[in-house]
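The values are calculated or read from the model by the stated rules, or taken from the named source; none is laboratory data. As the structure is a computational prediction, the values presented were derived from the model and not from experiment. So basically every Cβ, Gly included, is an ideal-geometry build from the backbone, and we count neighbours across all protein chains shown.
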Amino acid sequence: MATAHHDEHPSGIMRWLTTTNHKDIGTLYLVFAFTMAIVGGIMSLVIRSELWQPGLQIVDPHFFNQMTTVHALVMIFGFVMPAFTGLANWQIPLMIGAPDMALPRMNNWSFWILPFAATLLMLSLFMPGGGPAGGWTLYPPLNVQQSGPGVDFTILSIHMLGISSILGSINIIATVLNMRAPGMTLMKMPMFAWGWFITAFLLIASLPVLAGAVTMLLTDRHFGTHFFDAAYGGDPVLFQHVFWFFGHPEVYILVLPAFGVFSTIIPTFARKPLFGYETMVYATASIAFLSFIVWAHHMYTVGMPLQGELFFMYATMLIAVPTGVKVFNWVSTMWRGAMTFETPMLWAIGGVFIFTIGGLSGLMLSITPADFQYHDTYFVVAHFHYVIIGGSVFGLFGAVSYWLPKWTGHMYNETLGKWHFWLTMIGFNLTFFPQHFLGLAGMPRRIPDYSLQFVEFNQWSTIGAFMTIAAQLIFFYYAMQSIRAGQKATSQVWEGAEGLEWTVPSPPPYHTFATPPKVK
Amino acid sequence: MSAANGGYYLPNPSPWPIVTSAGLFSLALGFVLAINGVGFGKWIAIVGAAILIWVMFRWFGEVIGESEGGKYNAQVDRSFRWGMSWFIFSEVMFFAAFFGALFYVRHWAGPWLGDTELLWPGFDFHWPSAGPKGPIAIEPDMTPAASQFSPMGAWGIPAINTAILLSSGATITWAHWGLLKSNRAQLITGLFLTVALGVTFLSLQAFEYIHAYTAMGLTMKTGIYGATFFMLTGFHGFHVTLGTIMLIVILGRALKGHFRPDHHFGFEAVAWYWHFVDVVWLFLFIFVYWF
């Protein structure tokens, strides 16, 4: 029943609009994500161009604010989250020996909500009053007071993006719990599937809370409620609490699937099994749990009681423990391994390295009294770009180069792959490393102008940003090249790779594992 | 845990997901335009809503057809069960955001605002409150004056509604027992009673809202009390409405002879959902109306 007629599918555009196939949907997600990465990347270049020198030269401050806001929303909700969902779609069924995702039609729906939601967000930029300009965190009172429909479009777009992610997560949980091949126990499951499985719970528990927060914002804007207005008994800080109850788990939503990628790539190219598989699983689960009780470290300066500051400080520092376990496990996996450094491995090692720097600056930020100094400076900007680019984006490029030969059936050009990595690595550090110094010296974030003493670091940063974005053209080129032609990939692809996805041909047939494989 | 053979049903390519997404887009676009004073916005929203309703008929119809056609094996059934469970969990978290807002205001933000003269001179906080600039709540021993509001008491309509929802939880369980022992009359009677109780609940709540707006001076704009009251009860009422529609659908299916003692996920999903709105109501009754 599950084979035969399903191998036929509509051709042309209808294939993509109506598909229920996890591989097609995975591809759609990845293409969408890359498109949004370009959009968000261009916005970052607008920001960096304006910051090339002090004074106002290219854009007016209101538009600058829209760019910082929409850049963040696009990169988080349009690029990183969909890209990882795309990877999950492609890989989880292949890794656990399932014929497809558990709920294939819903799978298509969770993808197709995205382009519509993104359109809504982009439309906001063209409305009278402009797009959202109060920062991606949408704090009141700024975002209650901004006039025009821009913020409303953003809110409804967030609702739709939330629906999409919740549906996608439900699908991943159902797939992992119900679709594993016989013998594939949970504790034999590849770490990438584990990472995503836990991430899915984070999404289901946190995104509805964001939906609640922005719903209150919407009713405050248009329906006369006073959730965030102290004059009527509300509290603007209430929004911050509700928002960050979502916002902090969101950070781990972005990074846990990437941890799964590192845990997949490093053993392959170190030619050793992952060190401490079980502790990796428990560490991931601990990080997920802790992520729900640290949210107020984003708002130390808001005037919380001392007990609150202390609790959130200690809870935040605790996250360093399971995260440290993971980093040490990756390093121990490489210890005395027969290492080679193909592109995916470069991304994985580079990612662990960059992420660790971001983790350490995070530890600095977790210290409440120190954060009073760092809050809302470029130090924070540097920190979260180290975490999200080093963790998530490096993980993504590692994953794509690792599995591209499997998906397309062609090896990519290794030389270009390495160029892409090194240019991104250098460009990224050039962009964000100086921002640590800018922040410590007191340069505030989200301001289109700055004092003269910050010129030099800002110019390095701008050069680095252009270099990083330009390097992505290499990625686009080699990915396209690998789709069209290139050296044929074997089904094994990588000498040291293990797992069910390497037992099927490259590229895999339209339907795989119609009969589940036996896992010993 | 896993299928012993390749019997997992994989649906063919389907137009419904993208049509649903387009409907959702149209609804959102029209809604935003409408609330920003663009006249034709509401027509875009209505078109979007119409698309959504139409596509639900078609999409659910297709799933029901496949289910009754025997295409779903036990493993597919489990996928649906996991899916519905975690969907309900996501709804729990959605309500948690609003309950969290209520607790935060009542236990922290409100007292902070009232306790120090620095923040708002002359304001003492006690619940129910509409804040320093909002209307004052009428206490039982107070003579009402202009620009005051009455908080919603627990022991009138809300208590009756609690009894109604709890009974409806019992009637749907009774209907389920009927289904399990192939007593179709009990199944249909039980479902009918549940629908009737759901509709009664909604009518009473509508009456309560009208009363609040017309006689009690209590509206969404009545400071933080009105905001949390109407947000929490309103979203709950919306969920009861959805649940009632779902109940009507499975009542119709039961009348058509759908569901078997060993194959009735659709029924159970609705029953779970109904119990979920029931439990949320209990929290509302305790924390919004009673204390």
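Structural remarks
- Residue match in the stretch A:196-203 (condition: out of contact with any Ser or Thr (no Cβ under 6 Å at 6 or more places or on another chain), farther than 26 Å from A:T268 by Cα and at pLDDT 95 or above): yes
- Filter result for A:T316 (buried (at least 20 other Cβ atoms within 10 Å of the Cβ) and at pLDDT 95 or above): yes
- Boolean, A:G148 is at pLDDT below 95 and either facing chain B (nearest Cβ under 8 Å) or not in a loop (DSSP other than H, G, I, E, B) (or both): yes
- Hits in the stretch B:230-248 (condition: in contact with a Gly (Cβ under 8 Å, 6 or more places away or on another chain) and surrounded by fewer than 17 Cβ atoms within 10 Å (Cβ to Cβ)): none
- Residue match in the stretch A:17-33 (condition: more than 14 Å from chain B (Cβ to nearest Cβ) and either of a type in the set (F, W, Y) or more than 30 Å from B:Q75 (Cα to Cα) (or both)): yes
- The listed residue being surrounded by fewer than 24 Cβ atoms within 10 Å (Cβ to Cβ) and more than 7 Å from chain B (Cβ to nearest Cβ), out of A:L177, A:L161, A:L203, A:L142: A:L142
- For B:I35, the test of being within 24 Å of B:R253 (Cβ to Cβ), of a type in the set (V, I, T) and surrounded by fewer than 21 Cβ atoms within 10 Å (Cβ to Cβ) is failed.
- With respect to the stated conditions, A:P273 is of a type outside the set (K, R) and either surrounded by fewer than 22 Cβ atoms within 10 Å (Cβ to Cβ) or over 25 Å from the mean Cα position of the chain (by Cα) (or both).
- Only listed residue being more than 25 Å from the chain's Cα centre (by Cα) and surrounded by 17 or more Cβ atoms within 10 Å (Cβ to Cβ), chosen from B:P135, B:P151: B:P135
- Scan of the stretch B:61-79 for residues that are within 24 Å of the chain's Cα centre (by Cα) and either under 16 Å from A:P99 (Cα atoms) or loosely packed, with under 14 Cβ neighbours inside 10 Å (or both), ordered by number: B:G61, B:S79
- Listed conditions (1) in contact (Cβ under 8 Å) with a residue 12 or more places away in the chain; (2) assigned to a loop (DSSP other than H, G, I, E, B) are all met by B:L119, apart from (1).
- Flag if A:A213 is within 11 Å of chain B (Cβ to nearest Cβ), of a type in the set (A, V, I, L, M) and under 30 Å from A:M304 (Cα atoms): yes
- Flag if A:F243 is closer than 23 Å to B:W112 by Cα and either more than 7 Å from chain B (Cβ to nearest Cβ) or at pLDDT below 95 (or both): yes
- Pick from the stretch A:224-250, criterion in contact with a Phe, Trp or Tyr (Cβ under 9 Å, 6 or more places away or on another chain) and assigned to a loop (DSSP other than H, G, I, E, B), ranking: surrounded by the most Cβ atoms within 10 Å (Cβ to Cβ): A:G233
- Where helices (runs of 4 or more DSSP H) fall entirely within the stretch A:275-334, those with at least 2 residues that are of a type in the set (V, I, T) are at A:277-290, A:320-334.
- The residue that is surrounded by the most Cβ atoms within 10 Å (Cβ to Cβ), counting only those in the stretch B:178-205 that are assigned to a helix (DSSP H, G or I) and either touching a strand residue (DSSP E or B) at 6+ places or on another chain (Cβ under 9 Å) or without any contact (Cβ under 8 Å) to a residue 12 or more places away in the chain (or both), is B:L179.
- Single match in B:F125, B:F149, B:F98 (criterion: within 13 Å of chain A (Cβ to nearest Cβ) and in contact with an Asp or Glu (Cβ under 9 Å, 6 or more places away or on another chain)): B:F125
- Selection of the stretch B:219-232 for residues being more than 15 Å from A:G212 (Cβ to Cβ) and more than 8 Å from every other protein chain (Cβ to nearest Cβ) yields B:T222, B:F229.
- Residue within the stretch A:484-502 that is within 14 Å of another protein chain (Cβ to nearest Cβ), closer than 30 Å to A:P104 by Cα and assigned to a helix (DSSP H, G or I) present: yes
- Matching entry among A:P132, A:P93 (being at pLDDT 95 or above, within 14 Å of chain B (Cβ to nearest Cβ), under 30 Å from A:W502 (Cα atoms) and crowded, with 24+ Cβ neighbours inside 10 Å): A:P93
- Filtered residues of the stretch B:121-132 (kept if in contact with a Pro (Cβ under 8 Å, 6 or more places away or on another chain) and buried (at least 18 other Cβ atoms within 10 Å of the Cβ)): B:F123, B:F125, B:P128
- Any pair with Cβ under 7 angstrom, 6 or more apart, that starts in the stretch B:242-270 at a residue that is over 17 Å from B:R184 (Cβ atoms) and ends at one that is small (G, A, S) and outside any helix (DSSP H, G or I): none
- A residue that is closer than 19 Å to A:W109 by Cα and either more than 8 Å from chain A (Cβ to nearest Cβ) or in a helix (DSSP H, G or I) (or both) cannot be found anywhere in the stretch B:34-43.
- When the stretch B:69-92 is filtered for residues that are touching a residue at least 40 places away in the same chain (Cβ under 8 Å) and either aromatic (F, W, Y) or on the phi > 0 side of the Ramachandran plot (or both), the ones remaining, listed by number, are B:Y72, B:F80.
- Failed condition for A:A98, given (1) in a helix (DSSP H, G or I); (2) under 30 Å from B:G70 (Cα atoms); (3) within 14 Å of chain B (Cβ to nearest Cβ): (1)
- Residue list for the stretch A:175-202, restricted to those being part of a helix (DSSP H, G or I) and touching a Pro at 6+ places or on another chain (Cβ under 8 Å): A:T175, A:F192, A:G195, A:W196, A:T199, A:L202
- The listed residues are B:L10, B:L29, and the only one of them that is facing chain A (nearest Cβ under 7 Å), at pLDDT 95 or above and either in contact with a Pro (Cβ under 9 Å, 6 or more places away or on another chain) or more than 19 Å from A:T19 (Cβ to Cβ) (or both) turns out to be B:L29.
- Residue match in the stretch A:425-435 (condition: surrounded by 24 or more Cβ atoms within 10 Å (Cβ to Cβ), in a helix (DSSP H, G or I) and touching a strand residue (DSSP E or B) at 6+ places or on another chain (Cβ under 8 Å)): no
- Verdict on A:L28 being in contact (Cβ under 8 Å) with a residue 40 or more places away in the chain, under 12 Å from the mean Cα position of the chain (by Cα), buried (at least 18 other Cβ atoms within 10 Å of the Cβ) and assigned to a helix (DSSP H, G or I): no
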